[in-house]
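S.K.: The structure that follows is given in the form of C-alpha cells.
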Amino acid sequence: VDSQVWVIDRCDFKEAVVAEDNPEKLEEYTQALGRVPMLAPLLAQEREALAKTLTEVSFAAGDVILKEGTPAECMYILCQGEIVVSQEGKEVTRTVQKVNPITRWKK
C-alpha cells in the first residue's frame, strides 16, 4: 500500500510548540531556569534559548533515573517531587522540590 507521511524533526517541533503556540510555557521554563543556581548567571536570552530545548518527563516512585557509572545522555533538573541519590547502594542525599524548576534536555 502506498503511503504519504509527514515528518517534522524534534527541534522544529519543539520550537513550534513551545515558542510560538505556547509563549506562557516558554516564559514559565525561562523563569524556572533562572531559579537553578548554576543557570542563574545566564542572560535572559540564553535561558530562553535553553528553555526552547527542554522536554518534560515524569518518573514513578522508585524509578532509577541515572545509574552510577553510566555516562549521562542528558541533564535533569528536578521540577517537582523527591529524588534520592545513592552511591554503592547507600543513600547519600535526598532532595524534595515542591514547585518549578524544570526537567531535562538532550543534546
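The values are calculated or read from the model by the stated rules, or taken from the named source; none is laboratory data. Note that this is a predicted model, so its numbers are computed, not measured. Note that we place each Cβ from the backbone using ideal geometry, even for glycine, and neighbour counts take in every protein chain shown. The accessibility values were calculated without ligands, DNA or RNA, using every heavy atom of the protein model including side chains. Shrake-Rupley method; radii C 1.70, N 1.55, O 1.52, S 1.80 Å.
S.K.: Sort out which residues of segment 38-96 are open to solvent by 60 Å² or more (accessible area, probe 1.4 Å) and among the basic types (Lys, Arg), and write them in order of number.
M.R.: Lys52, Lys67, Lys90, Arg94
S.K.: Being in contact with a Leu (Cβ under 9 Å, 6 or more places away or on another chain), farther than 29 Å from Gln87 by Cβ and part of a loop (DSSP other than H, G, I, E, B) is the filter here, so list the residues in segment 30-70 that pass it.
M.R.: Leu42, Lys52
S.K.: Follow-up. Take the conditions surrounded by fewer than 10 Cβ atoms within 10 Å (Cβ to Cβ) and at pLDDT below 85 and apply them to Lys107. Does it pass?
M.R.: It is true that Lys107 is surrounded by fewer than 10 Cβ atoms within 10 Å (Cβ to Cβ) and at pLDDT below 85.
S.K.: A follow-up question, please. Name the residues in segment 41-92 that are of a type in the set (Phe, Trp, Tyr) and over 14 Å from Tyr29 (Cα atoms), would you?
M.R.: If the condition is that a residue be of a type in the set (Phe, Trp, Tyr) and over 14 Å from Tyr29 (Cα atoms), then Phe59 is the only one that fits.
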